[in-house]
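Each remark here refers to the structure printed beneath this line.
The values are calculated or read from the model by the stated rules, or taken from the named source; none is laboratory data. Keep in mind the model is a prediction, meaning the values are calculated, not measured. FYI the Cβ positions are ideal-geometry reconstructions off the backbone, even for glycines, and counts take in every protein chain you see. Side chains are part of the model used for accessible areas, which takes the heavy atoms of the whole protein and leaves out ligands, DNA and RNA. Shrake-Rupley method; radii C 1.70, N 1.55, O 1.52, S 1.80 Å.
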Amino acid sequence: MANYDLIAFDLDGTIFASPVKPVMSPRVTEALQAAHDAGVVLAVASGRPTGMLGSHVSGLPFVDWHITVNGAMVSDARTHEIISERPIPKSTALMVARCVNEACSDVFVGWNMFAYGVAHFERALVERQRFKFAEGEESFSFADSALADGSDIRIIDSVIDTIEILPDGVDKLGARFDTKADADRAEHALRAYGGQPLEIARVKPTELEITLAGVGKGSALSILCRHLGIDERRAVAFGDSGNDATFAQSPCTFVAMGNASPEIKAVADDITDSVTHDGVATWLNAHLGTKMIAPRDDTPGDGGDFVIR
């Protein structure tokens, strides 16, 4: 364990193969628990707010810290003390939403918004996801899956109307589109709007996630390391998608999953196996010497019978 003092890990696509079934494989569970038992600090690093982490994350005994809403908030997993919060000011959030709606007035825009640990989904977005799921265009409706899991989610009619009645700003905004071209148009409008600088993550070709400039998982990891007195070079972070890219801006070791996008792999320090082949456990076992478990038939991540090695 001498090489690393902190491990940060994304959720969907990194330790969870499916957002609908957020189950960590025995191999990954064992590797993370072994690291924690050896004194390594563990932090979830998610685009979700705390209210959407669910008991399958917040209840994990080896998770010490939560980096949530793309780094806009850092909190203690046990005491819930917030050590860093960097929201989008209310006026900027309203300007962002209006800018995108105006630029994409002739196409579908579905908003989600995260504030005070709670996720807010526009009704139009939820209905669009349900339709696409029914038509076989999407594998799941994220909002419905999260609701079924008991996450703290509010269905709203308008993100602009909701922001206007909030007492303060929002942690993160998200916008979904039907096509990549529509998302490109929205991103171009945001980069040209001339207001407060923004951090724009392309999570999927048709999905944008927006925080203030400089607010990302990488800078949140830096904040946490400073708070704990840990040298960032002794931290390792795992991720797979656009909102994990800012890990590459930190002195930490950034490890991309085998299923990560080419853009993420290009900026990572290392690449491990895919989430379905327990990539986090594979890398930790090779670099930290954690005790691993694997299927009896040696097929990684198949959910079969596991034994201690």
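Of all DSSP beta bridges confined to segment 1-94, the antiparallel ones make up roughly 45%.
Here VAL23 and ARG154 are evaluated by their C-beta separation; at R0 = 25 Å the FRET efficiency comes out at 0.45. In a fully extended conformation the segment linking THR276 and GLU102 would gain 58.6 nm over its present Cα-Cα distance, using 0.36 nm per residue. Once the Cβ-Cβ distance of ALA38 and GLN249 is raised to the sixth power relative to R0 = 30 Å, the FRET efficiency obtained is 0.60.
Which shape class, rounded, prolate or oblate, goes with segment 7-128 when its Cα gyration tensor gives a ≥ b ≥ c as root eigenvalues, a/c under 1.5 marks rounded, and past that a/b bigger than b/c marks prolate? Since a/c reaches 1.5 and a/b is larger than b/c, the shape of segment 7-128 is classed as prolate. Per-residue surface analysis assigns THR92 an accessible area of about 10 Å², computed on protein heavy atoms at 1.4 Å probe radius. A full extension of the chain between GLU263 and GLU164 corresponds to an added length of 32.1 nm, given 0.36 nm per residue minus the alpha carbon distance. Taking all protein chains as they are arranged and a probe of 1.4 Å, the heavy atoms of CYS252 leave approximately 10 Å² accessible to solvent. Less than 19 Å from a label point 7 Å out along the Cα-to-Cβ axis of ALA181: which backbone N atoms in segment 203-223 qualify, by residue? Taking a point 7 Å out along Cα→Cβ of ALA181, the residues of segment 203-223 whose backbone N falls under 19 Å are 205-208. Subtracting the Cα-Cα distance of ASN3 and ALA189 from their residue separation scaled by 0.36 nm leaves 62.6 nm. Measuring only protein heavy atoms, the 1.4 Å probe finds LEU11 accessible over about 0 Å². Residues of segment 207-233 with backbone nitrogen within less than 20 Å of a virtual label 7 Å along the Cα-to-Cβ line of GLU81, please, listed as ranges. Correct set: 220-231.
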